[in-house]
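To start, the structure under review is shown below, and the notes come after it.
Quick note: the coordinates plus some simple rules give every number you see, no bench work behind them. All figures in this text were calculated on a predicted structure; none of them were measured in a lab. Cβ placement follows ideal geometry from the backbone for every residue including glycine, while neighbour counts extend to all protein chains displayed.
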């Protein structure tokens, strides 16, 4: 999937759906029937509204007092891959299965990736038309 000018949440829901295998007719909630997903151009992802300023991501170093917080805007500039991975991680099951499915997600900052030999198919987001 190409993340150029795509809204983060809409891209993440589509990616999570493919990782889980919900797009397949033989989907089972307790089995990993999903596909690998390669997301390119992660640095061109869009955040709507004031999420860039208001949304905060936290992580802990493991040491006492080691809570680190970063705004979504800053994370999108420095590590856009982590922004997409965090959004998709929140949409996957919180279990061994979800961790296994997350390993099948590959996110890259630019348009090139090392998976060309696997002949990946391009997935597109459905275009929503404005209500008239």
| request: Note down the nm distance, to one decimal, between modelled labels 7 Å out along Cα→Cβ at residue 22 and at residue 59. | output: 2.7 nm
| Given the chain, what percent of its DSSP beta bridges are antiparallel, to the nearest 5? | 50 percent
| task | Return the Rg/Rh value of the chain, two decimal places, where both radii are evaluated on C-alpha atoms and Rh is the Kirkwood radius. | result | 0.99
| Between residue 121 and residue 77, what is the label-to-label distance in nm when each label sits 7 Å out along the Cα-to-Cβ direction? | 4.0 nm
| Semi-axes of the equivalent ellipsoid of the stretch 1-56: what are they in whole Å, largest first, if each equals the square root of 5 times a C-alpha gyration tensor eigenvalue? | 27, 13, 8
| query | Given the Cα-Cα distance of residue 32 and residue 95 and 0.36 nm per residue of separation, how much length would full extension add, in nm? | reply | 21.5 nm
| remark: Descending packing, highest mean Cβ count within 10 Å first, for 71-83, 102-114 is 71-83, 102-114
